[in-house]
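The values are calculated or read from the model by the stated rules, or taken from the named source; none is laboratory data. Since this is a predicted model, take the numbers as computed values, not measurements. Ideal geometry is used to build each Cβ from the backbone, glycine not excepted, and the neighbour counts take in all protein chains shown. Calculation scope for accessible area: heavy atoms of the full protein, side chains included, ligands and nucleic acids excluded. Shrake-Rupley method; radii C 1.70, N 1.55, O 1.52, S 1.80 Å.
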Amino acid sequence: MAELQEVQITEEKPLLPGQMPEMAKTHSVETPYGSVTFTVYGTPKPKRPAILTYHDVGLNYKSCFQPLFQFGDMQEIIQNFVRVHVDAPGMEEGAPVFPLGYQYPSLDQLADMIPCILQYLNFSTIIGVGVGAGAYILSRYALTHPDTVEGLVLINIDPNAKGWMDWAAHKLTGLTSSIPEMILGHLFSQEELSGNSELVQKYRNIITHAPNLENIELYWNSYNNRRDLNLERGGAVTFKCPVMLVVGDQAPHEDAVVECNSKLDPTQTSFLKMADSGGQPQLTQPGKLTEAFKYFLQGMGYMASSCMTRLSRSRTASLTSAASIDGNRSRSRTLSQSSESGTLPSGPPGHTMEVSC
């Protein structure tokens with residue numbers, strides 16, 4: 001097990017002024033459960049998986065992931081991987097409202113659309129990055145297609161089906177709250193909602209005035225009707241790839257992510273609990289998440305020469321790893337990070353690394 005290390009995170013750099021955004025190509029493909037739209041950035045890299053993202057309820061790929069993937073330090077990653085951003089059906093920009101009575105796909109069926117996307121693009125493997133409902137969808141896909149998933153970054157994952165108490169609370173909330181308010185309660189912490197920050201105001205406005213709000217409600221209902229993933233440490237149902245679990249402190253899904261962590265193989269799982277990040281760490285702390293993602297990729301044997309420019313000297317860190325670059329990428333890592341300090345996952349096998357600015 002890698003030793004816990006403390007590092008200090010310095011300033012966060014946005015996309016540099018004058019830096020040109022990437023060219024995007026948007027596609028739609030028919031699946032057994034309807035059409036799905038996805039946007040591709042970059043070109044495939046030999047012997048490298050695609051990074052495939054899936055967004056949460058109330059969002060689309062842009063509102064969920066744009067702050068993260070446009071962050072300055074993220075550019076080193078996106079230059080090394082092609083990216084596929086999936087929009088859940090009816091969530092893409094300009095999507096028409098589904099007709100009355102339309103049967104929206106379940107989360108399991110949304111996961112079953114992913115093979116059609118990969119076949120269309122002729123991609124063999126992915127590294128999945130999902131938030132909330134998107135994290136569940138990618139988890140379900142990884143459990144049914146383990147050979148095509150090299151790694152998972154799961155933000156705000158809740159692997160459990162709703163229990164009776166959850167359903168009762170949901171129904172009572174629905175009597176007094178609108179769909180946008182319930183979704184906001186899913187996305188943000190109560191502290192954030194009470195503070196009514198600029199970020200919360202922005203996303204409240206996006207969701208409340210969404211022209212496809214009826215579609216969003218259908219996605220929301222599918223999420224609330226999800227099945228239990230039945231993950232079990234040491235059992236038959238578990239992930240076969242490295243996993244990084246991410247959640248903000250005091251986030252609505254903190255307990256669920258902690259429970260998910262307890263059900264996974266500790267030698268294959270990193271747990272990142274981020275302070276000062278609220279319910280959407282990819283929006284509020286893109287710098288920290290980018291740094292953690294770089295180490296996650298390094299632990300898988302990619303980007304071994306990546307320069308960690310945002311780490312400043314806090315304490316000398318000795319990092320060891322069971323990672324293997326030749327394809328056997330099992331490793332033991334624990335990651336916990338706050339605005340002042342954190343721990344880093346491992347580097348190459350048997351390698352000792354000192355982290356400094």
| Cα gyration tensor of the stretch 25-304 - equivalent ellipsoid semi-axes, whole Å, descending | 26, 22, 20
| Calculated FRET efficiency, Asn80 and Asp228, Cβ-Cβ r, R0 41 Å, to nearest 0.05? | 0.70
| Sum of side-chain charges, Ile206 neighbourhood, beta-carbon under 12 Å (Lys, Arg +1; Asp, Glu -1) | +2
| task | Loop only per DSSP, at most 15 neighbouring Cβ atoms within 10 Å: give me the GluC sites (Glu not before Pro) in the stretch 181-256, ordered by residue number. | result | Glu232
| task | Quick one: which residues, 5+ away or cross-chain, put their amide H under 5 Å from the amide H of Val129? H built at 1.01 Å from N. | result | Leu52, Thr53, Tyr54, Val153
| Once the dipole of the stretch 25-304 is set up with Lys and Arg at +1 and Asp and Glu at -1 on Cβ about the Cα centre, which of Gly185, Ser139, Gly301 lies farthest towards its positive end? | Gly301
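On average, how much accessible surface per residue is there in the stretch 25-304, in Å², for a 1.4 Å probe, leaving out ligands, DNA and RNA?
39 Å²
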| query | What spacing in nm lies between the two simple spin-label points modelled at Gln119 and Glu93, each 7 Å away from Cα in the Cβ direction? | reply | 3.0 nm
| Relative to the present Cα-Cα distance, how much length would full extension add between Ala304 and Val258 at 0.36 nm per residue of separation? | 13.6 nm
| Surface share of carbon and sulfur [accessible, 1.4 angstrom probe, percent] for the stretch 25-304 | 52 percent
| field | Mean Cβ neighbour count within 10 Å, used as a protection proxy, ranking 286-293, 75-82, 104-111 highest first | value | 286-293, 104-111, 75-82
